[in-house]
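Report on the following structure.
The values are calculated or read from the model by the stated rules, or taken from the named source; none is laboratory data. Computed from a predicted structure; not experimentally measured. So basically every Cβ, Gly included, is an ideal-geometry build from the backbone, and we count neighbours across all protein chains shown. Remember, those area values only see protein heavy atoms, side chains included, never the ligands or the DNA or RNA. Shrake-Rupley method; radii C 1.70, N 1.55, O 1.52, S 1.80 Å.
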Amino acid sequence: MERVYPIANIEVEKPSSRYFMDPRGQWKAMRDAETSGLEVIGAFHSHVRSEPYPSATDVELAMYPEWIWVIVSLRCRDEPELRAYTIRDSAADEVEISVGK
């Protein structure tokens with residue numbers, strides 16, 4: 001079983017270029033996953049003006065080193081670009097993405 005939990009961006013100062021997950025939404029999603037016997041494996045967000053590489057803010061706010069952090073870049077007009085990373089000890093390491101059933 002798989003689920004995606006959309007969580008609101010509550011960044012006030014620069015919501016178009018930064019994100020901060022709503023803690024209540026995050027808690028609710030993590031609690032629902034736990035009670036459903038699921039494991040949260042990561043989070044995703046977009047970069048509308050830059051490459052799909054973790055920003056300094058992304059690295060600073062990555063509180064779960066076991067998660068996969070997926071970034072979708074909308075910078076290119078042809079099609080979005082997707083990359084995934086682990087972020088541990090202030091270092092982002094790209095991981096391979098495999099989509100399939």
Where in segment 1-35 does the amide nitrogen come within less than 17 Å of the point 7 Å from the Cα of ARG49, taken along Cα to Cβ? 11-20
List the equivalent ellipsoid semi-axes of segment 1-50 in whole Å, largest first, each obtained as the square root of 5λ for an eigenvalue λ of the Cα gyration tensor. 24, 13, 6
Just the number, please: carbon plus sulfur as a percent of the accessible area of the chain, 1.4 Å probe, no ligands or DNA/RNA counted. 51
May I ask you to give the solvent-accessible area per residue for the chain, in square angstrom, as obtained with a 1.4 angstrom probe? 77
Based on the mean of other Cβ atoms within 10 Å per residue, sort peptides 66-75, 10-19, 91-100 so the most packed one is first. 66-75, 10-19, 91-100
Percent relative contact order of segment 1-76, based on C-alpha pairs within less than 8 angstrom and at least six residues apart? 28
Send over the semi-axes of the chain's equivalent ellipsoid, whole angstrom and largest first, taken as the square roots of 5 times the C-alpha gyration tensor eigenvalues. 21, 17, 14
